[in-house]
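Some notes on the structure that comes next.
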Ligand code: FAD
Ligand code: NAP
Ligand code: SF4
């Protein structure tokens, strides 16, 4: 049998050291870096990824000084006494034959701290703190900070460092006139603006010697106005190579860019073309990045010569065993990152520990574990949505005898609806993963089986888990039974005809998704890199500074009005790091959004509403789609309780409010681990 993924799995010889394959686990701030007491957890987290085969791991960012903090008292490596805790991490990774680099991240004006500094005193749109402009001496001192931090990382046992030079952080802020208005030797002409990263690499190389990896994360496309030109990016890339960089990692877009770069609506490997372009100009190994979550995609990029390595960050959160499973020829067993950001980046921005929607054990390796069941029980799980799938597979893995009932003809529950939304195609991967897991763990799946309480009682189960989800809330106003009124299931699943003018009642996650479904004409820019680039203004010719130009969105398929009763901005409750994308995408399609309404009645003319309590308005439309939230479906509970069968509620059947798949999967795991 031929070796699977021969290009991804081929070692990379760096001369003094060899990487066992071409995968790089990209840097992610998990929150565990910020406190010394969390380092045992951090070590366990990295150890699993090293055991799972990651070729080279990069830690979350550590500031080289307090001025470079991401947030006050956050992760930093600038003092000798901070070294000790890191030994746990490096030792754990090396024991598993892995290699690990520490990322040095100076936040510059993105620092959420009153001490933040930058090239110039220009506030960023994403932090409330205005930075202080560094003095000329301050710049020299900062270069020394980088060198000292790298030296300390070497003492802590790291195999190298990654210098974060992208995403709009400190180094990026020196590179472009947008944020650098200095008139000393660090500002003005590009030759001055690019001096900082080059001097940093030189100083770091001098501090750590020749046999230590230096990765530089170079912003290859800024995706902001007045960003770097392609010629400047190439000039800098060559100078960094000269200065002693070992690997050049790709950075895509500043954090303040208005182009999605890692969300699920971004096509897979959408930005690999930028790395491929750079390949023609430098000889050192290049790392491609962003929305690479599949071993075949990774292998193809290396085979085609577009890159020498592939960075995957979130995919290693979703599955620590990603590489081992690929190497064993079992890609179908990989728990694929669906790029939702809900449990990783959204947590980071909310100052919570990261985890993963599809893998609740991520970052909880020392806490969320299960062992073989002490006594084997016969257990029924009702409902094969995310909650039931998670529960059933963990129960079976522990050795219980599990029957999983699903009334539909396929597993997945509401994920079967979600995956039909343009930009959410990845949700199908979770269904594929669980289909395999069911087979591997021996869960007995009973599809097309709407099980009743009497069946469960008659079958003598020791325990029952109710994961029967939700039912959509119906509208209780005059005319709610008008033929123009449809539910989101009628529209997305049953594909009932929808008119030219549509009103959507409810602007939660589902309301936004349904609007996205209806503004497209069956096409999904997430499956087509050219369409995505046009839609969001990515200049794939790279003729403009920052590689960013005016978006040219495809015209909307129909005219849509979204409504909610709350007065707040529509979409306020959507994900912290993805909500803006949904709002911007619909704004580009001229979706009209009205808050603070009350619904009066529906008739042949459309939807009659009151706005602001008194002004009456008619939303003329030919279709009204109700996305007004959900209520729990737990019809079987009472009978099961009366029959004294221990019954557990999880996911939507436990609580419909604030339900998402993150909670559903985690609850399934936790209940199953405890039985
Ligand atoms: P469900 O997924 O509803 O599954 C319940 C299952 O039980 C169903 O398959 C049902 O057929 C079955 N069932 C019910 N009664 C019986 C019975 N008596 N016998 C047998 N089977 C039965 N969440 C996110 O976190 N992120 C998103 O981006 C996201 N996008 C979404 C987009 C859309 C369009 C929709 C509709 C939902 C989205 N969700 C999203 C919500 C997410 O899918 C739900 O939170 C999640 O599916 C809830 O899981 P669950 O297992 O509790 O319930
Ligand atoms: P939701 O987010 O709770 O939104 C429900 C919407 O219905 C709100 O806009 C609400 O606004 C409105 N509403 C509630 N009761 C109503 C009533 N009686 N009459 C009219 N309108 C009413 O729920 P959802 O959109 O159904 O989504 C379900 C779950 O799936 C969510 O909890 C969400 O987390 C998850 N999901 C997540 C995503 C994502 O991208 N992360 C995407 C889709 C779904 P008013 O009360 O102001 O009118
Ligand atoms: Fe990927 Fe979502 Fe998990 Fe983050 S939470 S790692 S984006 S699947």
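Overall form of region 320-373: oblate. Here a/c, set by the Cα gyration tensor axes a ≥ b ≥ c, is 1.5 or more, and a/b is not larger than b/c. Between the C-alpha center of region 157-233 and that of region 236-258 there is a gap of 7 Å.
Please determine, in degrees from 0 to 90 and to the nearest 10, the orientation of helix 661-674 with respect to the longest principal axis defined by the Cα atoms of the chain, where the helix direction is its Cα long axis. Its long axis makes an angle of about 80 degrees.
Counting only DSSP beta bridges with both residues in the chain, the antiparallel share comes to about 20 percent. Modelled label positions at residue 353 and residue 296, each set 7 Å beyond Cα in the direction of Cβ, lie 3.6 nm from each other.
Here residue 137 and residue 566 are evaluated by their C-beta separation; at R0 = 56 Å the FRET efficiency comes out at 0.60. Indicate, rounded to the nearest 5 percent, the antiparallel portion of the DSSP beta bridges found entirely in region 12-349. Taking every DSSP beta bridge with both residues in region 12-349, the antiparallel ones total about 5 percent.
As a length-normalised measure over Cα pairs under 8 Å and 6 or more apart, the relative contact order of the chain settles at 12 percent. Would region 318-464 count as rounded, prolate or oblate if I go by the C-alpha gyration tensor, calling it rounded below 1.5 in a/c and otherwise prolate when a/b exceeds b/c, oblate otherwise? Here region 318-464 falls in the prolate category. Taking a ≥ b ≥ c as the square roots of the Cα gyration tensor eigenvalues, the chain comes out oblate, since a/c reaches at least 1.5 and a/b does not exceed b/c. For residue 80 and residue 16, what is the calculated FRET efficiency with R₀ set at 35 Å and r taken between the beta-carbons, to the nearest 0.05? My answer for the efficiency is 0.85. Remark: the residue 471-residue 603 segment gains 45.0 nm on full extension, using 0.36 nm per residue and subtracting the alpha carbon distance. Comparing Cα centroids, region 312-384 and region 485-550 end up 29 angstrom apart.
Counting only alpha carbon atoms, the long axis of helix 195-208 and the longest principal axis of the chain meet at about 80°. In the chain, the longest principal axis of the Cα atoms and the axis of helix 84-95 are about 70 degrees apart.
For the peptides 131-140, 517-526, residues were scored by their other Cβ atoms within 10 Å and the scores averaged per peptide; the highest-first order is 517-526, 131-140.
Highest-first packing order for the peptide set 575-584, 107-116 is 107-116, 575-584, based on the mean count of other beta carbon atoms within 10 Å. Ranked by the mean number of other Cβ atoms within 10 Å of their residues, highest first, the peptides 202-210, 415-423, 251-259 fall in the order 251-259, 415-423, 202-210.
If R0 is 35 Å, the Cβ-Cβ spacing of residue 527 and residue 594 corresponds to a FRET efficiency of close to 0.65.
For residue 618 and residue 494, the difference between the fully extended length at 0.36 nm per residue and the C-alpha to C-alpha distance is 41.9 nm.
Values quoted throughout were computed directly from the atomic coordinates according to the rules given, and no laboratory measurement underlies them. Everything quoted here is computed from the prediction, not taken from an experiment. With ideal geometry, Cβ positions are generated from the backbone for all residues, glycine too; neighbour counts draw on all protein chains shown.
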